[in-house]
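Working notes, structure below.
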Amino acid sequence: MSKFDPYTHLNIVHNPVDDTLTRLVSLPTTDANPNPSPGDPVASKDLTLNSETKTWVRIFRPSKLPSNDNTVARLPIIIYFHHGGWLLLSAADSSVHSNCSFITSQVPAILVSVNYRLAPEARLPAQYDDAMEAIHWVKKQGLDAGGEQWIRDYGDLSRCYLYGCGCGGNIVFFSALKAYEMKLDLEPMQISGIIMNQPMFGGIQRTKSELKFATDQLLPLPVLDLMWDLALPKSTDRNHRYCSPALDAGRYKEMIQRLGRCLVIGFGGDPMVDRQQEFVTMLVSQGIRVDARFDNLGFHNIDFVDQRRAAEVLDIVKEFII
């Protein structure tokens, strides 16, 4: 694939002078809808997270809230991080919005979709910092009498879950570690579990699955390499711990051992599946309770294009949460 151009594949142009991207494709977006029509299962609204970094969140709640003895039942809170290989997509993109709506209505849950900064305009660990800010923001809203109503009145701070897809799966792992590293007090908020759907990991030494699927239609190897080149801190390579945590697990062994329950979902046709399984092995070796669900059939992001697979993934997530 020496002549393959990953920039053309992604429809992006890198501007090396200021390390920015020109994204040439405008993907369909969906507006938030705080006042849904009768029959719409989910309501949503956008709120600012940090005006300086221009980050924001899209909150979802079921239109019909479950109740017990005429009292609204509190719902688990899911803090969600979208896919996009660090470089693309937002919480407003239609595929992300639809997936969040589906999760919200079916679990049911209060879901906070985080529109974190993209690379290379903001390189790692900026995305982990955005995640930590979102986690603290959720805690504040739940405890503040003047906080965001959907979280304050309907969310259960004792049942919070971090859920990430693709690079979002990487974000939830490292943001959880970051919380322990910084010894941040989240009480009474509790992270009850970490959900990593096809998490994005890499490394310099090629795995069997990377070589087998080197010409994958969605994520050929040059594209994966480019995503990491544009996301990792400058002057580092794919053996950096952000990309390849299993190589440097000893460095943060104590923090890993403090992680709660983890769910890892993967598909056999994903070039990164060997990385994901290696990651699971690393977690288990540190005594972490891991529910690993790997399907031999399927490719990366199949659950975003196949409704049947999306339903299967949701069933796994619901079982983990409930």
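Give the number of residues within segment 294-316 that are touching a residue at least 24 places away in the same chain (Cβ under 8 Å) and either farther than 30 Å from ARG258 by Cα or part of a helix (DSSP H, G or I) (or both).
Qualifying residue count for the region: 11.
Give me the pairs: first residue in segment 278-293 and modelled with pLDDT under 95, second residue part of a helix (DSSP H, G or I) and open to solvent by 70 Å² or more (accessible area, probe 1.4 Å), beta-carbon distance under 9 Å, and six or more apart or on different chains, which are they?
GLN286/LYS253
Criterion first (of a type in the set (A, V, I, L, M, F, W, C) and under 19 Å from ILE322 (Cβ atoms)) does ILE79 satisfy it?
Criteria met by ILE79.
Please go through segment 242-260 and give me each residue that is in a loop (DSSP other than H, G, I, E, B) and either over 19 Å from PRO199 (Cα atoms) or modelled with pLDDT under 95 (or both), ordered by number. Before the answer, list the steps.
Step one: filter segment 242-260 for residues in a loop (DSSP other than H, G, I, E, B), giving 242-244, 257-260.
GLN257, ARG258, LEU259, GLY260 - these are the residues of segment 242-260 that are in a loop (DSSP other than H, G, I, E, B) and either over 19 Å from PRO199 (Cα atoms) or modelled with pLDDT under 95 (or both).
Scan segment 242-289 residue by residue and report those that are under 23 Å from ASP303 (Cα atoms), among the acidic types (Asp, Glu) and open to solvent by 60 Å² or more (accessible area, probe 1.4 Å).
Matches in segment 242-289: GLU278 only.
Go over the candidates VAL72, VAL57 one by one and state the one that is more than 15 Å from the chain's Cα centre (by Cα) and either closer than 17 Å to CYS167 by Cβ or in contact (Cβ under 8 Å) with a residue 24 or more places away in the chain (or both).
The match here is VAL72.
Tell me whether segment 14-36 contains one or more residues that are open to solvent by 70 Å² or more (accessible area, probe 1.4 Å) and of a type in the set (Lys, Arg).
The answer is yes, given that some residue of segment 14-36 is open to solvent by 70 Å² or more (accessible area, probe 1.4 Å) and of a type in the set (Lys, Arg).
Scan segment 1-32 for residues that are at pLDDT below 95 and under 23 Å from the mean Cα position of the chain (by Cα) and jot them down.
VAL25, SER26, LEU27
Among the residues of segment 261-289 satisfying the criterion of being part of a loop (DSSP other than H, G, I, E, B) and among the small types (Gly, Ala, Ser), which is farthest from GLY85 (Cα to Cα)?
GLY287
The values are calculated or read from the model by the stated rules, or taken from the named source; none is laboratory data. Since the model is a prediction, treat every value here as computed from it, not as a measurement. Cβ coordinates were reconstructed from backbone atoms using ideal geometry, including for glycine residues, and neighbour counts include every protein chain displayed. Note: accessible area is taken over every heavy atom of the protein model, side chains too, but ligands, DNA and RNA are not part of it. Shrake-Rupley method; radii C 1.70, N 1.55, O 1.52, S 1.80 Å.
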